[in-house]
Amino acid sequence: MLNKLKETAVSILPISVIVLVLNWTIAPLGTAMTLQFLIGSLFTILGLALFLLGADIGILPIGEKAGAALTSRRNLPLLLISAFIIGFFITIAEPDVQVLAKQVCSVAQNTNAAVLLLMIAVGIGLFTSIGLLRTVLHIPLKYLLTGFYVLVFIAAAAAPKDYLAVAFDSGGATTGPMTVPFILALGVGVAAVQSRGKGGKDASFGMTGMASIGPVLAVLILGICMTGSSPAQKAAETEPQPETAVETQMQQISETAQTEASPQKTGRGVYTRLLPEVLVDVAKALLPLIVMFVVFQFTLLHLPPHAIMRMSVGLVYAFVGLVLFMLGVNGGFMPAGDIIGYTVALTDYRYILVLIGVFLGAVVVCAEPAVWVLTRQVEEISGGTIRRSVIFAALSFGVAFSVGLSILRVLTGFSLWYVLLAGYAVALLLTFFCPGLFTAIAFDSGGVASGPMTTTFILSFTLGISNALGGNPLTDAFGVIALVAMAPLITIQILGILYNNKAEKSAAKKGGAN
């Protein structure tokens, strides 16, 4: 626990320092909001440490054992149906999906959140099954990725443009702190059985990358079916004009500043108000895992009592940790990001926001719970040859660039379509030159890098900028999660090509010496 506290503190404190520096210079938050943010930072550090501990001894073993048990039955229909059900129900309860739906509804109030959640869950469930089918049949990941992303961009060309950003954001947001550990573990469990034949390490990864495609395609299909009634068009009928929206936001910030003395609205009191909602959300997130664990225990696993007790303790740690983490993110990081983005965008130095975004992107990825889970599994499965520090460095570089690019897009208004088209074209081209293991890790990393910190803090930051500039948040601010999810596809694969070249040179030197 102490080691995990040290790790999470090193990850989250740089973000807190950046926010405090901005607070003391160009974007004052006010005394109560600053206190609220500091408390949120402490909650986030402690919560992330507890969650990671719980994931290690509770969530990951359940997924690995379930995947191995389902595969050992040699019943492919049972495996695929189980994978769909697991993906569907975990996604319905995923906190990140709930946050994204709330953010979308906040700028497009007539959007049907239930339909959006349903389509996303169906997409995750279907592509989780496809990912496991790939592992079982040993289909090269690069061919599936290329084929499905071509299909995605065909659908994107046909869908209303207002659905583009939300669709690609949903692909990143759905792979959050509950979905990723279980899907990763499920894939590792299936691959462990399959690798007795063929497949090896490459088959252990790629599940999250495949699962991330499902929500994008599902939301785009929803957009095609809803042609003529896009979220932006609906929002325009009910939302105030940009100038009015800006005035409303300014009034809200003013009211916050005026009520600093009220502990129930800002400062410490906000967490008391948020606690019941967060408890319910996290309970919903863990409930499907508990139900599936009970079902698997009586039908597949038949674990001894001491193993059940250990996993149960892990689930308790995960529950408490996720509650604290979500409290810190929703009560501290999200409102702070919104206010800072809005305040700085109204100054004459608004382009400094790009530089701020680069710094935030570089450090925020290190605070994502799922990133820690993925990098640990990469290091373990590779036998330590792929160090987690190297993966972290590559992810930080990619996410820093993508957040800076996202903020530049909000400030200048250039099209998201061309960025996504060019970026995914490069990423898919690299799959034919990159080692299969690194391709799988890269596409998994794209999903895990865009977790709750990105969905809340970074997205709130860009929403604040868009509101200040009087833009359309649905098309301007949304899309940041999509770019964050895309960047690791390129950076990790480039890392893989360099890693492979270095290994080949070392092997050649050894051969020459012999």
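According to the square roots a ≥ b ≥ c of the eigenvalues of the Cα gyration tensor, what is the shape class of the range 102-185, taking rounded for a/c under 1.5, prolate for a/b larger than b/c otherwise, and oblate for the remainder? Provide the component values of the computation, followed by the final result.
On the way: a/c = 2.70, a/b = 1.48, b/c = 1.83.
Verdict is oblate for the range 102-185.
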Where labels lie 7 Å past Cα in the beta-carbon direction, separation of Leu76 and Val21 in nm: 5.5 nm
The range 386-440 versus the range 1-28: alpha-carbon centroid distance in Å: 25 Å
C-alpha center-to-center spacing [the range 45-105, the range 289-333] in angstrom: 10 Å
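Please sort 304-313, 216-225 by packing, taking for each peptide the average over its residues of neighbouring beta carbons within 10 angstrom, highest first. The partial results should precede the final answer.
Details: 304-313: 12.5, 216-225: 21.8.
Per-residue mean Cβ counts within 10 Å order the peptides as 216-225, 304-313.
Which order do peptides 480-489, 331-340 fall in by mean Cβ count within 10 Å, highest first?
Numbers: 480-489: 29.0, 331-340: 26.2.
Per-residue Cβ counts within 10 Å, averaged per peptide and sorted highest first, yield 480-489, 331-340.
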Debye log10 I(q)/I(0) for the range 392-514, one point scatterer per Cα, at q = 0.11, 0.21 Å⁻¹: -0.44, -1.10
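At 0.36 nm per residue, and after removing the present C-alpha to C-alpha distance, how many nm does the segment from Ile57 to His306 gain when stretched out fully?
Numbers: separation 249, 0.36 × 249 = 89.64 nm, distance 1.22 nm.
Taking Ile57 through His306 to full extension adds about 88.4 nm, to one decimal.
How do 181-187, 375-381, 470-476 rank on mean C-beta neighbours within 10 Å, highest first?
Values: 181-187: 28.9, 375-381: 19.4, 470-476: 21.9.
With the highest mean Cβ count within 10 Å placed first, the list reads 181-187, 470-476, 375-381.
Based on the Cβ-Cβ distance from Ile224 to Ala422, what FRET efficiency comes out when R0 is 25 Å, to the nearest 0.05?
Numbers: r = 23 Å, r/R0 = 0.92.
It comes out at approximately 0.60.
What ranking of Trp24, Trp417 emerges when the number of other C-beta atoms within 10 Å of each C-beta is taken as an exposure proxy, fewest first?
Details: Trp24 11, Trp417 15.
In increasing order of surrounding Cβ atoms, one gets Trp24, Trp417.
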Residue order, fewest to most surrounding Cβ atoms within 10 angstrom, among Ile124, Ile154: Ile154, Ile124
At 1.567 mPa s and 4 °C, Stokes diffusion of the range 332-393 via Kirkwood alpha-carbon radius, µm² per second: 93 µm²/s
Over the chain, relative contact order from alpha-carbon pairs under 8 Å, at least 6 apart, %: 26 percent
Sites Leu13 and Ser389, calculated FRET efficiency, Cβ-Cβ separation with R0 25 Å, nearest 0.05: 0.90
Distance histogram for the chain (every C-alpha pair counted, 10 angstrom bins, percent rounded to whole numbers): 4, 20, 31, 26, 13, 4, 1, 0
Entries of Lys142/Lys284; Lys102/Lys161; Lys4/Lys142; Lys65/Lys510; Lys4/Lys161; Lys6/Lys284 with Cα pairs more than 31 Å apart: Lys142/Lys284; Lys4/Lys142; Lys65/Lys510; Lys4/Lys161
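Dipole size in debye (nearest 20) for the range 1-135 around its Cα centre, Lys and Arg Cβ +1, Asp and Glu Cβ -1? Don't skip to the answer; put the middle values down first.
Numbers: 7 positive and 5 negative charges, 63 e Å.
In debye, rounded to 20, the range 1-135 gives about 300.
Give the order of Ile18, Ile81, Ile90 when sorted by the count of other beta carbons within 10 angstrom, beginning with the fewest. If you can, show how the numbers build up before the last one.
Values: Ile18 17, Ile81 14, Ile90 27.
Arranged by neighbour count, lowest to highest, Ile18, Ile81, Ile90 become Ile81, Ile18, Ile90.
Rule-based calculations on the coordinates, nothing more; no lab input. In this text the structure is predicted, and so the values were computed from the model without any measurement. Quick reminder, even Gly has a Cβ in these numbers, built from the backbone with ideal geometry, and neighbours come from all protein chains shown.
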